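J.: Got a structure for you, questions after.
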Amino acid sequence: MIELLDGIYGFTGMIVGRVYAIRDPDGLTLIDSGLARSAGRIVKQVEAAGFKANDIKRIVITHAHVDHGGGAHALNALTGAAIMVSAAEADVMRGAAEQPRPTHHRINVLPSQFFKPSPVARELHDGDVIDDVLGGLTVVATPGHTLGHLSFWSPQRRVLFTGDVLLHTLGLRFPLPMVTISRAMCGESVKTRIAPLKPDALLFGHGPPILSGAAARIDTFIASRGL
């Protein structure tokens, strides 16, 4: 577990996708959970950093794909942490619904049956604030990769956890079409929901974080895509 910014950590050795931890007075908040098989690794890194497993108080999910929410059940069992997810995708996490798949790809490469049903403690909506995290972590609806996709914004710190609406793999880019409902919708979310925030730092679901000057990078990306 590496401290990226004051009180914000990234986990190392994740099989796929990125998981972050936020330190606050009441304990730790995870942004996403990774795969189920990553749960033990996450807990070990938390303990190696001087925390206890039950210091993880909540797991906030950007979207219900297996590489981002698949480990929520295992982490909840290990730590007792409350799981929070978009109201639109809560039933996917509970095992009561399938995540809608892109109509332009016949193969479901991220099937929801790989999820073990997870108890959802709080269903999140656009504009909600998670009060105990970074002085108030704001929920930002950023549909496109999935219909219920969320990003999380700290106005106090000017840090945005993007999820998969925008990736940072060999530069900024949209997620792969085969796992994305609508790249056009992703573009609209980046242009109208993310860019106006003028974040200083971006922490992605895939790819290394941008820890300063992020707003200019977003503006350049938008211009390059003609959005």
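The values are calculated or read from the model by the stated rules, or taken from the named source; none is laboratory data. Owing to the predicted nature of the structure, the values given are computational and were not obtained by experimental measurement. Heads up, the Cβs are rebuilt from the backbone with ideal geometry, glycines too, and the neighbour counts pull from every protein chain shown.
J.: Criterion first (part of a strand (DSSP E or B), under 27 Å from L166 (Cα atoms) and out of contact with any Phe, Trp or Tyr (no Cβ under 7 Å at 6 or more places or on another chain)) does I22 satisfy it? Steps first, please.
T.: On the way: part of a strand (DSSP E or B): yes; under 27 Å from L166 (Cα atoms): yes; out of contact with any Phe, Trp or Tyr (no Cβ under 7 Å at 6 or more places or on another chain): yes.
It is true that I22 is part of a strand (DSSP E or B), under 27 Å from L166 (Cα atoms) and out of contact with any Phe, Trp or Tyr (no Cβ under 7 Å at 6 or more places or on another chain).
J.: So which residues in the range 212-227 are in a helix (DSSP H, G or I) and not acidic (D, E), if there are any at all?
T.: A214, A215, A216, R217, I218, T220, F221, I222, A223, S224, R225 - these are the residues of the range 212-227 that are in a helix (DSSP H, G or I) and not acidic (D, E).
J.: Additional query: Among V165, V190, which is the only one that is touching a residue at least 12 places away in the same chain (Cβ under 8 Å), closer than 19 Å to Q99 by Cβ and crowded, with 19+ Cβ neighbours inside 10 Å?
T.: Criteria check complete, one pass: V165.
J.: Also, I was wondering about something else. Looking only at the range 138-152, which residues are more than 19 Å from A184 (Cβ to Cβ) and either of a type in the set (D, E, K, R) or surrounded by fewer than 24 Cβ atoms within 10 Å (Cβ to Cβ) (or both)?
T.: T138, V139, listed by residue number.
J.: Sticking with this structure for a sec: Considering only the range 40-106, give the helices (runs of 4 or more DSSP H) lying wholly within it that have at least 2 residues that are polar (S, T, N, Q).
T.: Filter on the range 40-106 gives 72-79.
J.: Sticking with this one: Quick check on this structure: which one of I56, I42 is buried (at least 24 other Cβ atoms within 10 Å of the Cβ) and either under 18 Å from L167 (Cα atoms) or not small (G, A, S) (or both)?
T.: Of I56, I42, the one residue that is buried (at least 24 other Cβ atoms within 10 Å of the Cβ) and either under 18 Å from L167 (Cα atoms) or not small (G, A, S) (or both) is I42.
J.: Next question, about the same structure. Going by the structure shown, is G226 surrounded by fewer than 19 Cβ atoms within 10 Å (Cβ to Cβ), farther than 15 Å from G163 by Cβ and at pLDDT below 95?
T.: Answer is yes for this residue.
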